[in-house]
Amino acid sequence: MSDSPQNNPNEVPPLPSSFSLISTLGVVSMLSGLLVVLVYEFTKPIIAENQRVATERAIFKVLPKATSRLTFVVKEGKLKQVLENDKTDGELIYAGYNANNQFVGLALNAAEQGYQDIIKLLYGYNPEKGCITGYDVLKSTETPGFGTKITTDEDFLANFNCLDAKVNKEITGLVNDIKTVRHGTKQNAWEIDAIAGSTITSNALGRMFNQSGHTLHPVITQHLPLIKKAKKQ
Amino acid sequence: MATPNKKETPLTMDVFTAGLWKENPVFVMMLGLCPVLAVTNSVENSLAMGAASIFVLVCSNALVSALRNFIPKQVRITTYIIIIATFVTLVDYIIQAVSLDLYNKLGAFIQLIVVNCLILGRAEAYASKNSFTKSVISALGMGLGFTLALVMLGGVRELLGAGQLLGYQIFSTNFEPWIVMILPPGGFIVLGVWLLLINYVEEQRAEKIINEDAVPHNTAS
C-alpha cells in the first residue's frame, strides 16, 4: 500500500514550500501590474480628453456670452496666466471673452461636503458687478429627487441671476458673507433661498460660494486689469 | 498545488442557463445585493453595472481557471482577490474612457465590484474546479443572470420613480413620480416584490410537477 493522502484520508498533505507560495503571488501580481499599466496607458489620453471636454462644456455653460477662454492660476494670493498643457499647483480659474476679445466673466471651481459626498461645481462670476451668475455641477451624488434639485429647481436657480459677492474696500474678502437661509425667508441679495426638503445640499452651496468668494474674489479684483488685457496681448 | 477535478461533468447548455434563472445570483443565491440595491435606480445604471460585472466575472474566472493547477491552495483566495482587483481596476479606467457622466453616476460602486461576493464565490466554487471553457460559459451565464436581475429592478424603479424607461418618457406628464422608488428604500421594496413573485411562481410550478407525478401512481393503484 502507498502512503499517499489519497489512500490515507487522515494524513495531512505536505505543505508547499514558501518559495512556491511567494513565487505564485509574485507571478500573479506581475501579471496584474502589467495588465493595469497597459490599460492605464491606453486610456490615459482618452480620459484626459473626456475631462477637458467636460470642463470646457461647463465653462461655456456658466459663461454663455464667451466664445473663447484663457486659464489662470491663483497661488498664494498671486494670479498668473498658464498655458493649456502647463502643470501647475494652485487653483485654476477660467476667464471668458466674447468674439471681440472683451472680457465677459470668470468660471471658478468650488467644492463642499454635501449630504452624501463632496459636491464639485464650476460657477460663473462677474467681478465688475460682483455677482455670481450661475453654476454647473461637475460631480454630485446627492439624493435623487431631493439634493439633485440644485440643478432643476427654478426658484433655487433664480438665486443665481445675480448673487451678491462684492469684494470689500480693503480687498480682503466679501462685503457680506454668502449664506443659505430657510426657504421663503430670503431678504438680501447675498442670501440663498434654500430648497425645502434639501437644506443640507442648499447649505453646502452657500458655504462653498462663501469660502470661494472670500479666497478668490479679492485676488481676482486685484488682478482684474491683467485678466482683461490678457486676450488682447 | 491544487488538485484538479478528475471527474468533471460534461459541458451542457445547463452550464450557461443555470445562472440565468435556476441559480440566478440575485433572486436565488442572493449574492452581490449591495450594487443590486444601490445602482438600480435607472435601467442605464443597471445595464452599465451589469456589463462591468460580466467583464470582471468572465475575465477573472477565465484566469482563475487557466491558473487553477498552478495556484497553491494556501494562497488561492489572495490570488483570486488580486486577479479580481486587477479586472475591476481595468473596468474602472475603461468606463472613465467611455463616459465620465456614467462613471460619476455609478460612483464608488465600480470599485466595490472587487468585494462583490458573487465574483469571488464563482472563482472559488466553480472556476477553480472546472475547465477554462466551462468556467467562461458559466461566468457568462451568471453575469447575464445578474444583469437581468439588475435590469428587472432598474426598470420598475425608473418607471415608477421617474415615469421613464432608459430616459424616454413612458407615463404622461400628469404622472406624479413615486420618489421613494429611486431612493434606497425603493430598492428593498422592489427586490422584495420580485422575490415574492418569483418564489410564488416557482412554488406553483413545483406543486404542478408533484401533482403530475402523483396522477399516474393513483391510476396505477
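Only the coordinates and a few stated rules stand behind these numbers; no lab work does. If you're wondering where the values come from, they're calculated on a predicted model, not measured in any experiment. Every residue, glycine as well, gets a Cβ built from its backbone with ideal geometry; the counts of neighbours run over all protein chains shown.
What FRET efficiency comes out for the pair B:Leu195/A:Glu170, r = Cβ-Cβ distance, R0 = 60 Å, nearest 0.05? Could the numbers behind the result be given before it?
Values: r = 65 Å, r/R0 = 1.08.
Plugging the Cβ-Cβ distance into 1/(1 + (r/R0)^6) gives 0.40.
Check cross-link reach from A:Lys80 to the lysines: straight Cα distance under 28 Å, and skip same-chain residues fewer than eight apart.
Answer for A:Lys80, where 28 Å is the Cα cut-off: A:Lys44, A:Lys61, A:Lys65, A:Lys120, A:Lys129, A:Lys139, A:Lys166, A:Lys169, A:Lys228, A:Lys229, A:Lys231, A:Lys232, listed by chain and number.
Among A:Asn101, A:Leu205, A:Asn161, flag the residue with its Cα farthest along the positive direction of the charge dipole of chain A, charges on Cβ as +1 for Lys/Arg and -1 for Asp/Glu.
Projecting each Cα onto the dipole axis, the largest value belongs to A:Asn101.
Which ordering of B:Trp178, A:Trp190 is given by a fewest-first count of other beta-carbon atoms within 10 Å? The partial results should precede the final answer.
Working: B:Trp178 17, A:Trp190 21.
In order of increasing Cβ crowding within 10 Å: B:Trp178, A:Trp190.
Using a Förster distance of 51 Å, how high is the FRET efficiency between A:Glu128 and A:Leu34, based on the Cβ-Cβ distance and rounded to 0.05?
Values: r = 55 Å, r/R0 = 1.07.
The pair A:Glu128/A:Leu34 has a calculated efficiency of 0.40.
Per q in 0.09, 0.12 1/Å, what log10 I(q)/I(0) does a Debye calculation on the alpha-carbon atoms of region A:63-230 return?
Cα-only, vacuum Debye calculation for region A:63-230: -0.30, -0.53.
Expressed in whole Å with the largest first, what are the equivalent ellipsoid semi-axes of the protein assembly as shown derived from the C-alpha gyration tensor as the square root of 5 times each eigenvalue?
Details: eigenvalues 598, 191, 57 Å².
Ellipsoid half-lengths, sorted descending, are 55, 31, 17 Å.
Among A:Phe103, A:Phe60, which comes first, second and so on when ranked by fewest other beta-carbon atoms within 10 Å? Walk me through the numbers before you get to the answer.
Values: A:Phe103 21, A:Phe60 18.
Neighbour counts put them in this order, fewest first: A:Phe60, A:Phe103.
Determine the dipole magnitude for the protein assembly as shown: charges of +1 sit on the beta-carbon of Lys and Arg, -1 on that of Asp and Glu, nothing else is charged, the reference point is the Cα centre, and the result goes in debye to the nearest 20. All intermediate terms of the calculation are to be shown ahead of the outcome.
Working: 37 positive and 37 negative charges, 283 e Å.
I would put it at about 1360 debye.
If you average the C-alpha positions of region A:195-219 and of region A:143-169 separately, how far apart do those two centres end up, in angstrom?
Computed from Cα coordinates, the inter-centre distance equals 9 Å.
Where in chain A lies the longest segment free of GluC sites (Glu not before Pro) that are both loop residues by DSSP (not H, G, I, E, B) and have at most 16 other Cβ atoms within 10 Å?
Free of exposed loop sites, the longest segment is A:12-75.
Report, in debye and to the nearest 20, how large the dipole of chain B comes out about its Cα centre when Lys and Arg carry +1 and Asp and Glu carry -1 on their Cβ. Intermediate values should be presented prior to the final figure.
Details: 13 positive and 14 negative charges, 175 e Å.
The dipole of chain B has a size of about 840 debye.
Can you give the percent of C-alpha pairs in region B:14-207 whose distance is more than 21 Å? Can you show the working numbers first?
Values: 9924 of 18721 pairs.
The answer is 53 percent, as a whole percent.
So which lysines can B:Lys22 reach, going by Cα to Cα under 21 Å and dropping same-chain residues fewer than 8 places off?
Filter leaves B:Lys129, B:Lys134, B:Lys208.
In whole Å, what is the distance between the alpha-carbon centres of region B:152-221 and region A:7-47?
Centre-to-centre (Cα) distance: 42 Å.
If you stretched the chain out fully between B:Cys117 and B:Ala214, how much longer would it get, using 0.36 nm times the residue separation minus the C-alpha to C-alpha distance?
Working: separation 97, 0.36 × 97 = 34.92 nm, distance 4.00 nm.
That pair, B:Cys117 and B:Ala214, stretches by 30.9 nm at full extension.
For q = 0.11, 0.15, 0.22, 0.23 Å⁻¹, what log10 I(q)/I(0) does region B:50-155 give under the Debye formula with an equal point scatterer on each alpha carbon and no solvent?
Normalising to I(0) and taking log10 leaves -0.33, -0.60, -1.14, -1.21.
Add +1 for every Lys or Arg and -1 for every Asp or Glu among the other residues with Cβ under 10 Å from the Cβ of B:Ala127, and state the total.
On the way: positive: B:Arg68, B:Arg122, B:Lys129, B:Lys134; negative: B:Glu124.
Computed value for this residue: +3.
Hand me the trypsin sites (Lys or Arg not before Pro) from region A:121-157 located in a DSSP loop with no more than 15 other Cβ atoms within 10 Å, in residue order please. It would help to have the intermediate numbers written out before the result.
Numbers: sites: A:Lys129, A:Lys139, A:Lys149; in loops: A:Lys129.
Filter output for region A:121-157: A:Lys129.
Translational diffusion coefficient of region B:1-109 at 37 °C, 0.692 mPa s, Stokes-Einstein with Kirkwood Rh over Cα pairs, in µm²/s as a whole number.
Working: Rh = 16.0 Å.
The Stokes-Einstein estimate is 205 µm²/s.
Using a 10 Å Cβ count of at most 10 others and DSSP loop calls, identify the longest part of chain B lacking such trypsin sites (Lys or Arg not before Pro).
Counting at most 10 other Cβ atoms within 10 Å as exposed, the longest clean stretch of chain B is B:8-221.
Using DSSP to define loop residues, name the GluC sites (Glu not before Pro) in region B:117-209 whose beta-carbon has at most 12 other beta-carbon atoms within 10 Å. Let's see the in-between values first.
Values: sites: B:Glu124, B:Glu158, B:Glu202, B:Glu203, B:Glu207; in loops: none.
Taking region B:117-209 and a limit of 12 other Cβ atoms within 10 Å, no loop GluC sites (Glu not before Pro) are found.
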